[in-house]
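The values are calculated or read from the model by the stated rules, or taken from the named source; none is laboratory data. Everything quoted here is computed from the prediction, not taken from an experiment. Neighbour counts are summed over all protein chains in view; Cβ atoms, including those assigned to glycine, are modelled from backbone coordinates with ideal geometry.
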Amino acid sequence: MKRLVIIGSMLIVSLTLCAIPASLHVSQEKIVSVVLDTADARVGRPATATSVAGVARRTTRRAVRRCAVGVTCY
């Protein structure tokens, strides 16, 4: 039972540490500090590959090309 508690607590601690966006930084004076990182997403811009405008543009282009070749249009 004691071994199960130790494994469970180690699992909880390791999952918690993996979920926190932190990193270690060493300065020139050899001082180690913990810094919380932030994410900077670029969602919604028309030039990005996963934006709605980019996906719509690609699917329209593919449909027009396939219709011009005669694959999908009859």
Any residue in region 25-36 that's loosely packed, with under 10 Cβ neighbours inside 10 Å: show its pairings with residues that are assigned to a loop (DSSP other than H, G, I, E, B) and not charged (D, E, K, R) at Cβ separation under 8 Å, as long as the two are six or more apart or on different chains.
SER33/SER27; LEU36/ILE20; LEU36/PRO21
Within region 16-33, tally of residues that are among the hydrophobic types (A, V, I, L, M, F, W, C) and modelled with pLDDT of 85 or more
3
Complete set of residues in region 37-74 that are within 20 Å of the chain's Cα centre (by Cα), at pLDDT 70 or above and either assigned to a loop (DSSP other than H, G, I, E, B) or surrounded by fewer than 10 Cβ atoms within 10 Å (Cβ to Cβ) (or both)
ASP37, THR38
